[in-house]
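The values are calculated or read from the model by the stated rules, or taken from the named source; none is laboratory data. Since we're looking at a predicted model, the values are computed, not measured. Virtual Cβ from ideal backbone geometry, glycine too; neighbours counted across all protein chains shown.
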Amino acid sequence: MSKQNNGYDAEAFRKLRRTRDPKLRDKIILDYEYFARASVIKYARQHDIYDPDIIEDLQEEGVIGLIRAIDKFDPNKGVVITTYAHPYVIGAAVHWLRDKKKIIHIPANIQDAAQRLKKIEGCKLPDGRKLSSKSMEHEEYVNAAADYTSLTLLQVEEALRFIDGEYDVSQLEHTPYTDDNGDDRSEDFNETLSFKDSEFDNVAARDLIADISGDDEQVEYILTKYILDDETFDEIGSELKLTGSRISQIFRRSISAWKNRQRTKYGEVRY
């Protein structure tokens, strides 16, 4: 089988599309898991997300997005799988962030610096002017605020970003998006932010859910509600009388256990 683009094998995907062989599908998922995880880590760093627990959750979401892309991918359209899957991977991570934005950790020193900037807004400077982030030039304000509060220039800059809402992940969905080749994929990316995708193969999704959950009815319920019904962990937790954090933990552990079973069965595969 011919290989191109760093190991991309179009023929393997054509075979999957023809046969829907579950073993081949699992092998392809494992083969591209590294790509999904690396993509999510890169995106998290670009948006100042460093909490290891959150990044781990985001990577699991990215793998779900990868599976979604693999199930929909048509190798005959001339696009390699990584280009096609990237918006799905990042879209799944952003979907999770949008639901869980309140748990993203904002460093305490940034929050404290932001409070100090708010308190000094309008204070009188030695030259008689008022210290104002709205009326002063940005660079001038940053220098004056740093002198007034004894904060560093970097602390003032980060505090201003926090005040201006740049740490609010709900804004991530509105940012322009380009893939690793520099191509504009904003339209594709925004489409993946919703899990209510009429083109998504529900049969494949239910097969995946059954494979992950096994005989565990609770896990099956959680996966079905989250993947097919587009419910948040908090909403699912309310139905099961559990916290959203507990639902997230069950979800993450079930995905990890499933991937470990696949590795035991098939090993690490490279086409």
Number of the exception - Gln218 against (1) under 19 Å from Tyr88 (Cα atoms); (2) modelled with pLDDT of 60 or more; (3) assigned to a helix (DSSP H, G or I): (1)
Apart from one, (1) part of a helix (DSSP H, G or I); (2) assigned by TED's automatic domain parsing to the domain that holds Arg252 all hold for Val79; the odd one out is (1)
Candidate set from the range 225-267 (those that are within 18 Å of Gly62 (Cβ to Cβ) and charged (D, E, K, R)); member that is modelled with the lowest pLDDT: Arg263
